[in-house]
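Report on one structure; see the data block that follows.
The values are calculated or read from the model by the stated rules, or taken from the named source; none is laboratory data. Model, not experiment: these values are computed from the prediction. We place every Cβ from the backbone using ideal geometry, glycine too, and count neighbours over all the protein chains shown. Note: areas computed on protein heavy atoms with side chains; ligands, DNA, RNA excluded. Shrake-Rupley method; radii C 1.70, N 1.55, O 1.52, S 1.80 Å.
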Amino acid sequence: MAGAAPATAFGQAVIGPPGSGKTTYCLGMSEFLRALGRRVAVVNLDPANEGLPYECAVDVGELVGLGDVMDELRLGPNGGLLYCMEYLEANLDWLRAKLDPLRGHYFLFDCPGQVELCTHHGALRSIFSQMAQWDLRLTAVHLVDSHYCTDPAKFISVLCTSLATMLHVELPHVNLLSKMDLIEHYGKLAFNLDYYTEVLDLSYLLDHLASDPFFRHYRQLNEKLVQLIEDYSLVSFIPLNIQDKDSIQRVLQAVDKANGYCFGVQEQRSLEAMMSAAVGADFHFSSTLGLQEKYLAPSDQSVEQEAMQL
């Protein structure tokens, strides 16, 4: 039927720990998508999110409020947030009634920052699964702070969290290192940026940890964690500075490829463009090298001196 809204909708489920930049990402990505001509609807699924900087099409706060739950059930912020997600899971008809009039829009779901929701609690995964049955194709966009790369122990923990999230959420997945412009505010990187984005040989991180008397006692545990990450070989990262349009464009290309938007009917694509997106290899070395020169201070040491320190 001419003029009818497309049956299939596309979008992003923006997840990540508290303070990783999810709301800022939704604001920046929505403005970027509108500049490209896409109709965007931002959906706030975080009942603890107050003072939203973006235009919100649907707000879960209309259904359930975190403050009310904490007061009435005498729960803390963590327990209250889990209850809110379970309440939303039990009232998905409300969410569907809100989303159906927005068919034809590209959705951005600003999700809660509760780590448990993305690693082992079932409410958020159930909500995403139900959306898939509504023919809503989502990509999970998982943000983590880039400054964790400056601490080998924290970076290994981020890898474990990212892997657990990928396995639990069960969506096409894109991991982002957010706040690239602040990456070295907490220390220097031990290796080049591509070592962290491509998650290369992690045994070098173990050698760094072994130099710390505290972590030396846990070397076998760290070795097992690293082995688990490398056995799955699923985790990689795309650097993101939300104020850099080129950086947002690289993220959007990865997301569109993951959820199939680049093959959809919303934008006319030539056969050559579709095939290049389908079979083209993702060589990010040149772009990662450019980001390293842009955001990381050059080292004053030679390669031989850094090798001697290792």
Taking max minus min of the Cα coordinates of region 98-156 on each principal axis, largest first, gives extents in Å of 46, 24, 15
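Sort Phe214, Phe109 from largest to smallest accessible area, using a 1.4 Å probe on the heavy atoms of the protein chains.
Of Phe214, Phe109, the descending order of accessible area is Phe214, Phe109.
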Region 74-179, convex hull of Cα, quarter of hull surface, nm² -> 7.9 nm²
With the 8 Å Cα cutoff and a minimum separation of six or more residues, region 121-208 has a relative contact order in percent of 36 percent
Ordering Met180, Met166, Met70 by the accessible surface of their heavy atoms, 1.4 Å probe, largest first, yields Met70, Met166, Met180
Inter-part gap, Cα centre of region 101-179 to Cα centre of region 16-84, in whole angstrom, is 14 Å
Surrounding charge for Gly80, neighbours by C-beta under 10 angstrom, Lys/Arg +1, Asp/Glu -1, total -2
Loop-resident GluC sites (Glu not before Pro) in region 56-165 with no more than 11 other Cβ atoms inside 10 Å, DSSP not H/G/I/E/B, are none
Averaged over all viewing directions, the convex hull of the alpha carbons in region 154-205 casts a projected area in nm² of 4.2 nm²
Using a 1.4 Å probe on heavy atoms of the protein chains only, the accessible area for Ser178 in Å², nearest 10, reads 10 Å²
Here the FRET efficiency for Thr8 versus Leu234, based on Cβ atoms and R0 = 35 Å and rounded to 0.05, is 0.85
Rounded to whole Å, √(5λ) for the Cα gyration tensor eigenvalues of region 29-116, largest first, gives 26, 14, 10
